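To keep things clear, I will list the structure first and then write my remarks on it.
Please treat every number below as a calculation from the coordinates, not as lab data. Bear in mind that the values here come from a model prediction, so they are computed numbers and not experimental data. Here the Cβ is made from the backbone with ideal geometry for all residues, glycine too, and neighbour counts use every protein chain on show.
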Amino acid sequence: MDFDAIKRVLTAFEREDVRYAIFGAAALNLHGLASVFDDPCIADITAADLLGEYPAVQYVPPSGTFHLDLLTRLGQAFAFEDLEVLRVPFEDLIVSVVSPRTLYLMKRDTVRLKDKADAALLKERFQLEDP
């Protein structure tokens, strides 16, 4: 994961008061857990009112060394307003990340084995109960 790249993006979001929430592998890292599988995406971010009518934008720099997914919708299961968001430290920044419980709920019912493994890790580490 390219922490310098994600820090530049998050610094800009904080400076511009963008309403956002980090989820996925970056959120696992911010909660002190490593994702079970390596993910070339530096961050999955949902941002309210950032992209207008576009559901998602993926940024891949010319070097192709990482990509950033910006989503305005999270399928049928979650809307931005449904997310429990915490403010946590990331080096010298305070950033918005979905809570361990929200991340667990986002990952537990997906079809990807990697997400199911991440959900199991979150459930164990944070002693989460199913609703």
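Numerical summary
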{"quantity": "Hz values of 3J(HN,Hα) by residue in the range 99-111 - Karplus curve (6.51, -1.76, 1.60), Gly and Pro given as x", "calculated": "5, x, 5, 5, 4, 4, 5, 5, 9, 5, 9, 7, 8"}
{"quantity": "Estimated inter-spin distance, residue 93 and residue 77, nm [label 7 Å along Cα→Cβ]", "calculated": "2.6"}
{"quantity": "Under the Karplus curve 6.51 cos²θ - 1.76 cosθ + 1.60, θ = phi - 60°, whole-Hz ³J(HN,Hα) for the range 120-129, x wherever Gly or Pro sits", "calculated": "4, 5, 4, 4, 5, 5, 9, 6, 8, 10"}
